[in-house]
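Remarks on the structure that follows.
The values are calculated or read from the model by the stated rules, or taken from the named source; none is laboratory data. Source: prediction; values computed, not measured. As a convention, Cβ positions derive from the backbone with ideal geometry for all residues, glycine included, and neighbour counts pool all protein chains shown. For the accessible areas, the whole protein counts, side chains as well, though only heavy atoms, and no ligand, DNA or RNA atoms are used. Shrake-Rupley method; radii C 1.70, N 1.55, O 1.52, S 1.80 Å.
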Amino acid sequence: MNLTPLVSVVIPCYNAERFLTETLESVFCQTLSDFEVIAIDDGSIDGTANVIRSFSSRIKSEFSSNRGASAARNLGTELAKGKFIQYLDADDILRPDALEKRVKALVDSNADVAYSDWQRLEETEKGEFHPGNAIARRIEDIHADPQIALFTDFWAPPAALLYHRRIVEVIGSWNESLPVIQDARFLLDAALMGGKFVYVPGVQADYRVHKTNSLSRRNPTKFVLDCFNNACQVENFWQVNGGITPERCIALEKVYGHTARFFFEYDRPKFHEVLARIHHLNPNYLPSAPKALQKLSKWFGYEQAEAIALAYRQVKEVLYTAGNRE
């Protein structure tokens with residue numbers, strides 16, 4: 001292996017004993033051979049460290065206390081020597097030609113980030129994983145401005161993305177203040193820093209969808225709070241980098257609106273904090289969806305509309321529960 005590899009594959013690992021061997025083997029089966037593998041054990045308490053050590057000199061490794069995936073990726077990035085950096089979660093899989101196709105796309109286009117299609121691996125009740133939907137979307141299908149597309153509706157797992165080192169260095173680091181959506185934010189940061197994106201067609205990654213083990217599923221409140229904090233950070237960035245254009249305002253209203261709906265039910269003080277943000281952007285705000293909420297907001301005002309919608313959902317749940325008991 002070269003002292004200056006073409007690609008550095010950075011794998012943060014936390015209690016990944018069950019999947020890590022398959023993940024690592026998917027890297028060693030790549031048609032492109034000029035790469036290094038860096039595994040960061042983020043304080044695992046299972047057999048992850050033993051799996052890492054079993055690969056001996058085939059991989060670089062570091063063992064640290066548990067500080068989260070972003071900190072592990074930042075440590076791995078510091079150790080990386082490659083011209084391109086592939087972040088890979090410890091339970092996901094690269095298809096054999098992933099690195100080769102993405103490197104070629106970046107070289108040919110002089111882009112900063114290559115992204116491909118990816119396959120969902122859905123967990124069954126028995127804990128097995130079976131192929132789900134293949135996700136094939138282009139950033140420009142969401143919005144012509146990558147910043148808005150990546151802030152609102154476009155997402156791809158790290159396994160589907162290859163970064164040029166230059167954009168990684170411009171971004172600086174993974175955002176440790178957003179523990180749940182840090183991968184989405186790092187991709188967004190590439191756009192905020194002016195990065196150029198190139199689409200590489202075809203499924204090149206498999207992404208495991210766990211029934212209960214993802215951060216967003218275990219704690220939806222933390223997930224939504226991350227989305228709100230991210231929106232605040234992006235709004236502040238946009239304020240000093242081009243200002244809040246009408247399209248950016250719509251994007252911010254959309255994201256803030258989603259978090260407001262959640263917080264109205266689960267954290268009323270946080271709802272009012274979000275609502276203040278929304279009204280600062282648009283004093284006449286009306287939610288774009290669902291349509292029923294939009295109509296109620298026109299008639300009664302947004303906050304009262306949320307109260308009516310919540311009461312409706314609660315009554316519906318009571319009736320559903322009662323019906324199942326009969």
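Have a look at SER44, SER64, SER26 and point out the one that is surrounded by fewer than 22 Cβ atoms within 10 Å (Cβ to Cβ) and over 24 Å from GLY127 (Cβ atoms). Give the derivation first.
Working: SER44 fails: over 24 Å from GLY127 (Cβ atoms); SER26 fails: over 24 Å from GLY127 (Cβ atoms).
Going through SER44, SER64, SER26 in turn, the sole match is SER64.
Is it the case that the stretch 79-90 has a residue that's assigned to a helix (DSSP H, G or I), open to solvent by 10 Å² or more (accessible area, probe 1.4 Å) and among the basic types (Lys, Arg)? Break it down into steps so the answer makes sense when it comes.
First pass over the stretch 79-90, keeping only residues assigned to a helix (DSSP H, G or I): 79.
Add one more test, that the residue is open to solvent by 10 Å² or more (accessible area, probe 1.4 Å), and what stays is 79.
Now restrict to residues that are among the basic types (Lys, Arg): none.
No, the stretch 79-90 contains no residue that is assigned to a helix (DSSP H, G or I), open to solvent by 10 Å² or more (accessible area, probe 1.4 Å) and among the basic types (Lys, Arg).
Considering only the stretch 181-195, how many residues are over 17 Å from VAL224 (Cα atoms), open to solvent by 10 Å² or more (accessible area, probe 1.4 Å), touching a residue at least 60 places away in the same chain (Cβ under 8 Å) and assigned to a helix (DSSP H, G or I)?
Looking only at that region, the number is 0.
Which numbered condition in (1) surrounded by 22 or more Cβ atoms within 10 Å (Cβ to Cβ); (2) not in a helix (DSSP H, G or I) is the only one that LEU99 fails?
Condition (2) is where LEU99 drops out.
Looking at (1) touching a helix residue (DSSP H, G or I) at 6+ places or on another chain (Cβ under 9 Å); (2) open to solvent by 60 Å² or more (accessible area, probe 1.4 Å); (3) part of a loop (DSSP other than H, G, I, E, B), which is the one condition that is false for PRO287?
The failed condition is (2).
Please count how many residues of the stretch 47-61 are of a type in the set (Ser, Thr, Tyr) and open to solvent by less than 10 Å² (accessible area, probe 1.4 Å). Walk me through how you get there before you give the answer.
Of the residues in the stretch 47-61, the ones of a type in the set (Ser, Thr, Tyr) are 48, 54, 56-57, 61.
Checking the rest, the ones that are also open to solvent by less than 10 Å² (accessible area, probe 1.4 Å) come to 48.
The total comes to 1.
Among the residues of the stretch 102-119, how many are farther than 14 Å from VAL200 by Cβ and either of a type in the set (A, V, I, L, M, F, W, C) or surrounded by 17 or more Cβ atoms within 10 Å (Cβ to Cβ) (or both)? Break it down into steps so the answer makes sense when it comes.
Within the stretch 102-119, the first condition is being farther than 14 Å from VAL200 by Cβ, and the residues that meet it are 110, 119.
If we keep only those that are either of a type in the set (A, V, I, L, M, F, W, C) or surrounded by 17 or more Cβ atoms within 10 Å (Cβ to Cβ) (or both) as well, we get 119.
The number of residues fulfilling the criteria is 1.
Determine the pairs where a residue that is within 16 Å of GLU253 (Cα to Cα), located within the stretch 218-235, has a partner that is of a type in the set (D, E, K, R) and open to solvent by 60 Å² or more (accessible area, probe 1.4 Å) with Cβ atoms under 9 Å apart, the partner being 6 or more residues away or on another chain.
What qualifies is PHE228/GLU273; PHE228/ARG277; ALA231/ARG277; CYS232/ARG277; GLU235/ARG277.
Please work out which residue is most open to solvent (accessible area, probe 1.4 Å), limiting yourself to the stretch 125-144 and to residues that are among the charged types (D, E, K, R) and assigned to a loop (DSSP other than H, G, I, E, B). Please lay out each step first, then the result.
Within the stretch 125-144, the subset among the charged types (D, E, K, R) is 125-126, 128, 137-138, 140-141.
Now restrict to residues that are assigned to a loop (DSSP other than H, G, I, E, B): 125-126, 128, 137-138.
Numbers: GLU125: 157, LYS126: 174, GLU128: 91, ARG137: 85, ARG138: 97 Å².
Looking at the filtered set, the residue picked out is LYS126.
Among the residues of the stretch 238-253 satisfying the criterion of being crowded, with 18+ Cβ neighbours inside 10 Å and not aromatic (Phe, Trp, Tyr), which is farthest from ASP189 (Cα to Cα)?
So the first thing to find is which residues in the stretch 238-253 are crowded, with 18+ Cβ neighbours inside 10 Å, and the list is 238, 248, 251-253.
Imposing the further condition that a residue be not aromatic (Phe, Trp, Tyr) reduces the set to 248, 251-253.
Values: ARG248: 16, ALA251: 16, LEU252: 16, GLU253: 20 Å.
This residue is GLU253.
Please go through the stretch 1-38 and give me each residue that is closer than 17 Å to LEU79 by Cβ and among the aromatic types (Phe, Trp, Tyr), ordered by number.
Hit for the stretch 1-38 is PHE35, nothing else.
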